[in-house]
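Before any comments, here is the structure.
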Amino acid sequence: MLSGTKLGRYEIRQKIGTGGMGEVFLAHDSQLNRNVALKVLLAEKIRCS
């Protein structure tokens, strides 16, 4: 995901980590006007029963 990409009220700033099920990004929450950590889950890693 590229810096500047918007996901709803969040604007991605930079990637800060990767885990087994997804990636974690530093993002700016425009509604709260502060930076947050945003975890994006990878669809192929999510199992639905």
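Bear in mind these aren't lab numbers, they're just calculated from the coordinates by the rules spelled out. As the structure is a computational prediction, the values presented were derived from the model and not from experiment. Quick reminder, even Gly has a Cβ in these numbers, built from the backbone with ideal geometry, and neighbours come from all protein chains shown.
What the table shows:
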| item | result |
| --- | --- |
| Net charge dipole size for the chain [Lys, Arg +1 and Asp, Glu -1 on Cβ; Debye, nearest 20] | 60 debye |
| Estimated D of the chain in µm² per second, where Rh is the Kirkwood radius over Cα pairs and Stokes-Einstein applies at 25 °C, 0.890 mPa s | 216 µm²/s |
| 14 Å beta-carbon shell around residue 27, net charge (K/R +1, D/E -1) | +3 |
| Long-range amide H partners of residue 13 with built H, under 5 Å | 4, 26, 27, 28 |
